[in-house]
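Novice: The structure under discussion is supplied below as structure tokens; questions concerning it will follow.
Any read-out appearing in this document is the output of simple, stated calculations on the displayed coordinates, not a laboratory observation. What you are looking at is a predicted structure, and each value in this text was computed from that prediction instead of being measured. Methodologically, a virtual Cβ is constructed for each residue, glycine included, from the backbone with ideal geometry; neighbour enumeration extends over all protein chains shown.
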Amino acid sequence: MGKDGQSGEIAVIGLGYIGLPTAIMFANAGFRVTGYEVRKEVVDKINSGKAHIVEPEIEELLARAIESGNLRATSDPGEIRDKDAYIICVQTPLRKDKTPDLSYLENAVKTVAKAMKKGSLVVIESTVPPLTTVKMAKLIEELSGLKAGEDFHMVHAPERVMPGRIFKELVYNSRIFGGITPESSEMAEKLYRSFVRGQTFKTSSTVSEVVKLMENTFRDVNIALANEFAFLAHQYGINVFEAIELANTHPRVRVHRPGIGVGGHCLPKDPHLLLWPAREDFGLIRLAREVNDSMPLFTKDLLFAALKELNVPPEDAVVTVLGLAYKGDSDDTRNSPAKAFIDAIRDDVKAVKTYDPYVGGTSGSVEEAVEGSDAIVVATDHTEFKSLNWEELGKLMRTRILVDGRHVVEEPPRGFLFKGIGRGDC
Ligand SMILES: NC(=O)c1ccc[n+]([C@@H]2O[C@H](COP(=O)([O-])OP(=O)(O)OC[C@H]3O[C@@H](n4cnc5c(N)ncnc54)[C@H](O)[C@@H]3O)[C@@H](O)[C@H]2O)c1
């Protein structure tokens with residue numbers, strides 16, 4: 001790394017939702033960046049100047065990075081030798097039994113240990129269980145013979161971006177650099193200052209790991225609370241969204257939004273990562289996870305209650321699910337509650353049709369998806385769904401049931417049997 005923190009050669013390991021935008025930012029800040037990615041088709045696409053993920057501004061920014069010659073992708077570990085910095089952005093998912101699968105991270109660290117030189121900085125951007133960065137530093141020591149904190153530097157620098165706003169948030173979010181030594185934190189801070197305009201903070205790697213996991217656990221637990229408020233709204237016959245809006249006029253209250261469930265690569269897993277290395281846990285975080293995981297089934301209950309009210313036998317019902325992505329205006333379907341909902345109803349109904357403007361393999365249009373169907377279930381809050389003309393769509397349906405799992409409908413449309421999560425008033 002140049003002394004100014006503005007020049008040098010960087011390898012980014014894993015070019016997914018986080019790694020590709022990060023590689024682009026460093027390349028456009030003037031660094032020579034090699035993106036190392038095991039999926040060959042992703043490498044080819046990136047080198048041809050095309051992004052494999054949907055994200056505002058990504059096409060222009062990627063084209064600039066490739067055309068400048070500052071960014072190249074590769075699947076050849078030989079091309080990432082002797083870099084000044086390695087930035088690891090691989091996935092850290094859960095196994096079926098909800099324990100962390102750190103095999104991608106370990107493989108990436110092994111690749112880096114073989115490629116790095118004396119003086120390299122290794123940054124883990126992936127979200128990891130507490131104490132992982134220190135363990136990975138030991139693994140590098142064993143494989144490379146280099147001494148952590150002396151011959152190489154290592155940092156956990158968690159990523160806080162939100163898909164759909166990645167390129168803005170990469171610049172303006174505040175960042176934490178958790179080093180295995182203060183010098184490691186300082187080196188990473190200097191490096192990221194090449195494009196970060198938000199505040200930067202330095203700490204230890206374990207604090208940094210815990211901070212990242214606390215942030216997502218905070219959100220998960222608060223969404224679970226909002227979901228429990230939604231259950232109560234059905235008991236009291238009120239609209240939970242009206243109640244939340246009013247509660248949030250309190251200066252110190254910020255109730256989250258209930259919905260069909262919590263998805264994505266982060267929120268459903270990060271509370272498990274936080275608890276994993278702990279000697280014991282105390283129930284609340286796990287219970288919140290269970291509440292959020294139960295929401296697709298609660299949505300199924302709403303649908304089946306509506307079918308019963310209109311005397312449609314479930315086994316004859318054709319159900320249209322609008323939205324497969326886990327969040328609005330994204331193509332990301334990882335851990336999507338829409339999928340969990342479809343899995344929960346598939347064997348009980350005649351057919352499930354889907355439409356998602358961002359996700360391939362679904363109907364070509366919303367009209368095609370609702371034609372002849374008995375019920376629409378909104379599972380994603382894509383902007384497009386907020387302005388749909390439900391009454392016109394209803395004309396194409398066999399039975400008019402609308403179940404809103406994402407609060408995209410303010411007023412129940414005329415002619416429909418309407419049910420919504422937290423809409424005990426309908
Ligand atoms: N996606 C988000 O919004 C987000 C936000 C904050 C934090 N994170 C965290 O960032 C990390 C990465 O998430 P993501 O969404 O970018 O994941 P991703 O699955 O989109 O990308 C990971 C990439 O790494 C590649 N890869 C896996 N093993 C590799 C190896 N050994 N060598 C080279 N490439 C390898 C995969 O093929 C994939 O392309 C995760 O820990 C996640 O929790 C993600």
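Novice: Would you mind getting me the FRET efficiency between K98 and N389? Use the beta-carbon distance for r and R0 = 45 Å, nearest 0.05.
Specialist: About 0.60, to the nearest 0.05.
Novice: Show the residues, 5+ positions off or on another chain, whose built amide H is closer than 5 Å to the amide H of F177.
Specialist: F201, K202, T203
Novice: Can you tell me the FRET efficiency between M214 and E245 if r is taken as the Cβ-Cβ distance and R0 is 35 Å, rounded to the nearest 0.05?
Specialist: Efficiency computed from Cβ-Cβ geometry: 0.85.
Novice: Please list 3J(HN,Hα) in residue order for the range 27-43, calculated via the Karplus relation 6.51 cos²θ - 1.76 cosθ + 1.60 where θ = phi - 60°; whole Hz, with x for glycine and proline.
Specialist: Each residue of the range 27-43 in turn: 4, 6, 8, x, 7, 8, 10, 10, x, 9, 9, 7, 7, 4, 5, 5, 4 Hz.
Novice: Would you mind ranking L302, L131 by Cβ crowding within 10 Å, fewest neighbours first?
Specialist: L131, L302
Novice: Additional query: From Cα pairs below 8 angstrom and at least 6 apart in sequence, can you work out the relative contact order of the chain, rounded to a whole percent?
Specialist: Relative contact order of the chain: 12 percent.
Novice: Next question. Among S204, S336, S387, which comes first, second and so on when ranked by fewest other beta-carbon atoms within 10 Å?
Specialist: Fewest-to-most Cβ neighbours within 10 Å comes out as S387, S204, S336.
Novice: Related question: To the nearest 20 debye, what charge dipole does the range 192-338 have about its Cα centre, counting +1 at the Cβ of each Lys and Arg and -1 at the Cβ of each Asp and Glu?
Specialist: 800 debye
Novice: Just list whichever of K50/K138; K45/K269; K117/K269; K147/K269; K212/K300; K168/K327 have alpha carbons separated by over 26 Å in the model shown.
Specialist: Violating the 26 Å limit, Cα to Cα: K50/K138; K45/K269; K117/K269; K147/K269; K212/K300.
Novice: Ok, one more. In debye, nearest 20, what is the charge dipole magnitude of the range 213-426 about its Cα centre with +1 on Lys and Arg Cβ and -1 on Asp and Glu Cβ, if you could check?
Specialist: In total the dipole reaches around 320 debye.
Novice: Separate question: Using a simple spin-label model with points 7 Å from Cα along the Cα→Cβ vector, what separation in nm is obtained for A63 and A278?
Specialist: It is 4.9 nm.
Novice: What order do you get for V211, V378, V255 when you list them from fewest to most C-beta neighbours inside 10 Å?
Specialist: V211, V255, V378
Novice: Averaging sequence separations of C-alpha pairs under 8 Å and six or more residues apart, then dividing by the length of the range 155-250, give the relative contact order as a whole percent.
Specialist: With pairs under 8 Å counted, the relative contact order is 25 percent.
Novice: So who's got an amide H within less than 5 Å of the one on G328, skipping anything under 5 residues away but keeping other chains? H placed 1.01 Å off N, in plane.
Specialist: D381
Novice: Size of the dipole of the chain about the Cα centre, Lys and Arg at +1 and Asp and Glu at -1 on the beta carbon, nothing else charged, in debye to 20?
Specialist: Its charge dipole is roughly 920 debye.
Novice: Would you mind calculating the relative contact order of the range 47-146 from Cα pairs under 8 angstrom and at least 6 residues apart, reporting the percent as a whole number?
Specialist: 26 percent
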